[in-house]
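**Q** Quick one: the structure is below, questions incoming.
Coordinate-derived values only; no laboratory data. Keep in mind that this is a model prediction, so the values were computed, not measured. A quick note on method: Cβ atoms are made from the backbone with ideal geometry, for glycine too, and the neighbour counts reach across all protein chains shown.
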């Protein structure tokens, strides 16, 4: 099998080159004979998203696969049985453009701009007008089209429309829906003051942030200062993040922290610290 190797590596006399040829030939042999399905599957994955105890992947065909804990139906395969290997989400074998995972729920953005969610729904985070878990994808009410991005928090979900507006639904007790109240909603509600002009969206544990043309705005739970406005008071409406009026290219919200990108360099807010300037390096982390 190795004797006829086309690249002629075995013609080299140095021992380490012979060993390299043996390893390479073995890997090729394993890839061709023993694990083609696994290799092909890895090659087809274009995006991944991780929830609290489950994970999902988006394939190049626009399909969704999930695995992990499934007590709330967050794997979307019609059961509540946990899986330690990827399982297909029925009905979503193609046509999906993006995925987002929350604490115990999952959402998919179709290429047509519609949103579907499944899994835990005790706070209305599936957005279908109910508060009952679903082990299969359900349509988010009023969002059959026109959405360009989605973000999932622990128990809430948000969508960015193609017109640059933001809607949120689910748990609202920290103000993370941005509607001016702390009431849960099982239907999408508009975020106050963000009907247009939003470029990107990210949802954390119980807070949400938006990147606008005028800088970053955040809202929701603020016990650790994660909405970045210099206080630790919750806000049910968007507030400006101090010092981010320009130069921000990307945002990401975590459980108790907020991250921002400034001219390609990462700054970090932890607890009550402020966002670091682009000029400050993070070598001392």
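**Q** Does a label point 7 Å from the Cα of residue 192, set along Cα-to-beta-carbon, have any residues of the stretch 240-256 with amide nitrogen under 14 Å, and which are they?
**A** 240
**Q** Further, regarding this structure: Stretched out fully, how many nm does the piece from residue 181 to residue 232 gain, at 0.36 nm a residue minus the Cα gap? Walk me through the numbers on the way to the answer.
**A** Numbers: separation 51, 0.36 × 51 = 18.36 nm, distance 1.76 nm.
Going from the current span to full extension adds 16.6 nm.
**Q** Follow-up question, since we're still on this one. For the stretch 145-188 and the stretch 205-225, what is the centre-to-centre distance using only Cα atoms, to the nearest Å?
**A** The stretch 145-188 and the stretch 205-225 have Cα centres spaced 12 Å from each other.
**Q** Residue 132 to residue 214: FRET efficiency via 1/(1 + (r/R0)^6), r the Cβ-Cβ distance, R0 45 Å, to the nearest 0.05? Before the final figure, lay out each step's value.
**A** Working: r = 39 Å, r/R0 = 0.88.
With a Förster radius of 45 Å, E is 0.70.
**Q** May I pose another question? Please give the Cα centre distance for the stretch 70-113 versus the stretch 236-256, rounded to the nearest Å.
**A** 28 Å
**Q** Modelled label-to-label distance, residue 85 and residue 60, 7 Å Cα→beta-carbon offset: nm?
**A** That separation, rounded to one decimal, is 2.3 nm.
**Q** Here's something else I'd like to know. Normalised by the number of residues in the stretch 103-196, what is the relative contact order in percent for Cα pairs under 8 Å and 6+ residues apart? Kindly include the intermediate steps, with their values, before the conclusion.
**A** Working: 262 pairs, mean separation 23.3, N = 94.
Taking the mean separation of contacting Cα pairs over the length of the stretch 103-196, I get 25 percent.
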